[in-house]
Amino acid sequence: MAAVPRVTDAYDVMRIREDFPILARRVNGRPLVYLDSAASAQQPATVIDAVAGYSREHHANVHRGIHTLSQEATALYEAARERVRRFVNARSASEIVFVRGTTEAINLVAQAHGRAQLEQGDEILISWLEHHSNIVPWQLLCEQTGAILRVVPIDRRGVVDNDAYAGMLGPRTRIVALAQVSNALGTVLPLRELLELARRRGITTVVDGAQAVPHQRVDVQQLGCDFYAFSGHKMYGPTGIGVLYGRESILESMPPWQGGGEMILSVSFSGTTYNHLPHRFEAGTPNIAGAVGLGAAIDYIEAVGIDRIGRHEQELLASATAQLASIPGLTLIGTAPQKSSLVSFAVDGIHPHDLGTVLDSEGIAVRTGHHCAMPVMEFFGVPATTRASFGLYNSRAEIDELYGAVLRAIRMLR
Ligand code: C6P
């Protein structure tokens with residue numbers, strides 16, 4: 001298996017960049033400036049090597065074979081689960097369910113927990129800044145059960161209205177589902193306080209942590225949430241692997257979501273019994289290589305240090321915010337006092353796709369579009385934004401590059 005990266009005291013971003021082979025690439029004749037980590041972060045060599053090493057030397061199906069390779073694959077898969085448990089400080093590895101990503105995790109909760117629990121007139125509370133993954137599964141559940149989706153408003157900075165939230169928690173509220181960090185605005189929600197209010201009322205709490213785990217320390221016990229969802233590919237791991245943390249007592253009470261192999265203890269035509277946690281929610285052959293890669297990604301983050309990553313990214317955020325805000329005609333979308341490592345913006349008279357295309361011609365990768373958060377775009381009255389998002393490998397020089405390239409693009413497109 002691949003070695004863990006060296007740790008140094010100073011945050012040596014140029015050293016860290018060497019761990020990411022893709023960052024040496026040139027795009028359109030220019031050194032790649034990758035500012036789209038919120039969509040998918042790049043992978044260090046340790047992750048790439050862990051996945052390749054697994055495939056080359058240990059690949060077999062898990063929990064099924066008596067032979068050596070199957071036992072090795074099972075051990076690697078379960079070791080990855082234990083790393084995830086430690087990473088989010090879950091009480092037990094039984095609380096860690098491997099899924100495809102955040103989207104699948106939230107759909108699992110909606111269908112396995114929500115469908116069994118909710119009745120006509122019950123309420124689900126989300127906020128206006130949610131990603132479609134934390135909206136549409138609840139809309140589907142409402143269609144199926146007659147429950148009502150209620151939406152907590154945000155203000156012009158992109159901050160969730162805490163008072164409105166407290167007022168909307170009612171006797172029929174059964175589920176509160178909130179992002180920890182908004183992918184379109186960067187807003188960091190004060191989740192501990194918000195979830196505490198729900199918990200006191202016995203409401204099930206679901207957290208979309210997709211944009212939080214790569215940037216800040218997450219402790220599910222401290223947060224006090226019932227469910228926490230995140231994706232491997234936003235935290236320097238592979239695509240197609242993600243995690244649903246679920247409080248053991250709630251997972252135990254839930255019926256299975258999908259049926260098939262692995263999730264059963266015994267099957268007969270007179271009745272089927274279901275497997276123990278967490279396997280009851282992992283029907284079929286899982287993404288074993290992905291789990292191994294995710295484990296290596298966690299090792300990488302821990303070796304660099306999540307608190308140091310967070311501090312470095314806050315410096316990038318401050319620099320990007322100050323530089324971009326100084327550009328006439330450019331409006332930052334999302335100006336919450338507590339923000340994570342991204343900037344979304346609109347430029348008068350220029351479509352974000354045109355801006356994104358010009359930036360790409362200079363080797364700068366940003367995301368343009370609605371970022372799967374169409375209600376946010378509607379709220380701010382824009383069809384789309386340009387979003388630059390930062391990861392642990394981005395440098396101050398790259399922020400300067402972005403600033404210069406945006407200025408040049410505006411001159412060219414106006
Ligand atoms: N956001 C972005 O560019 P999946 O696709 O299941 O791994 O993650 C979905 C998801 C859920 N919640 C939040 C807050 C997210 O940011 C995302 C993915 C990407 O912002 C792709 S749309």
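Cβ-Cβ contacts under 9 Å between residues 6 or more apart (or on different chains), taken from a first residue in the range 359-385 that is assigned by TED's automatic domain parsing to the domain that holds Val347 and within 17 Å of Leu332 (Cβ to Cβ) to a second residue that is aromatic (Phe, Trp, Tyr) and within 16 Å of the ligand (Cβ to nearest atom), are listed as Val376/Trp128; Phe379/Trp128; Thr385/Phe345.
Selection within the range 376-394: residues that are more than 22 Å from the chain's Cα centre (by Cα) and assigned to a loop (DSSP other than H, G, I, E, B). The member of this set that is surrounded by the fewest Cβ atoms within 10 Å (Cβ to Cβ) is Gly381. Just give me the residues in the range 221-239 being more than 12 Å from the ligand (Cβ to nearest atom) and among the small types (Gly, Ala, Ser), in sequence order. Listed by number, the list holds a single entry, Gly224. If you filter the range 90-103 down to residues that are charged (D, E, K, R) and over 17 Å from Gly237 (Cα atoms), you find that the one that is farthest from the ligand (Cβ to nearest atom) is Arg91. Quick one: His131 ticks every box in (1) buried (at least 20 other Cβ atoms within 10 Å of the Cβ); (2) more than 16 Å from the ligand (Cβ to nearest atom); (3) closer than 28 Å to Gln258 by Cα; (4) of a type outside the set (A, V, I, L, M) except a single one, so which number is it? Of the numbered conditions (1) buried (at least 20 other Cβ atoms within 10 Å of the Cβ); (2) more than 16 Å from the ligand (Cβ to nearest atom); (3) closer than 28 Å to Gln258 by Cα; (4) of a type outside the set (A, V, I, L, M), the odd one out for His131 is (2). Looking for something within 16 Å of the ligand (Cβ to nearest atom), modelled with pLDDT under 95 and either under 20 Å from His131 (Cβ atoms) or touching a His at 6+ places or on another chain (Cβ under 6 Å) (or both) - is there at least one such residue anywhere in the range 342-351? Checking the range 342-351: not a single residue is within 16 Å of the ligand (Cβ to nearest atom), modelled with pLDDT under 95 and either under 20 Å from His131 (Cβ atoms) or touching a His at 6+ places or on another chain (Cβ under 6 Å) (or both).
Remark: pairs (first residue in the range 196-221, surrounded by 24 or more Cβ atoms within 10 Å (Cβ to Cβ); second residue modelled with pLDDT under 95; Cβ separation under 7 Å; 6+ apart in sequence or on different chains) = His215/Ser341.
Scanning the range 104-124 for residues that are among the small types (Gly, Ala, Ser) and away from the ligand (no atom under 16 Å from the Cβ) returns Ala112, Gly114, Ala116, Gly121.
Checking Ala283, Ala297, Ala229 one by one, the residue that is farther than 22 Å from Val206 by Cβ and aliphatic (A, V, I, L, M) is Ala297 and no other.
How many residues are within 16 Å of the ligand (Cβ to nearest atom) and either out of contact with any strand residue (DSSP E or B) (no Cβ under 8 Å at 6 or more places or on another chain) or more than 20 Å from Ile333 (Cβ to Cβ) (or both) if we restrict to the range 134-144? So the answer is 5. Residues in the range 261-272 that are exposed (fewer than 10 other Cβ atoms within 10 Å of the Cβ), of a type in the set (Ser, Thr, Tyr) and outside any loop (DSSP other than H, G, I, E, B): 2 in all. Screening the candidates Leu294, Leu332 for the property of being surrounded by 17 or more Cβ atoms within 10 Å (Cβ to Cβ) and over 21 Å from the mean Cα position of the chain (by Cα) yields one hit, Leu332.
Taking residues in the range 50-67 that are closer than 22 Å to Ala297 by Cβ, and partners anywhere that are of a type in the set (Val, Ile, Thr) and not in a loop (DSSP other than H, G, I, E, B), the pairs with Cβ atoms closer than 7 Å and at least 6 places apart or on different chains are Ala50/Val292; Val51/Val292; Tyr54/Val292; Val62/Thr74; Val62/Ile288. Of the conditions (1) part of a loop (DSSP other than H, G, I, E, B); (2) of a type in the set (Ser, Thr, Tyr); (3) within 16 Å of the ligand (Cβ to nearest atom), Thr285 satisfies every one except a single condition; which number is it? Only one criterion is unmet by Thr285, namely (3). If the condition is being aliphatic (A, V, I, L, M), in contact (Cβ under 8 Å) with a residue 40 or more places away in the chain and outside any helix (DSSP H, G or I), then the range 115-150 contributes Leu118, Ile124, Leu125, Ile126, Leu129, Ile135.
The values are calculated or read from the model by the stated rules, or taken from the named source; none is laboratory data. On a predicted model such as this, the values are computed, not experimentally measured, just so you know. Quick reminder, even Gly has a Cβ in these numbers, built from the backbone with ideal geometry, and neighbours come from all protein chains shown.
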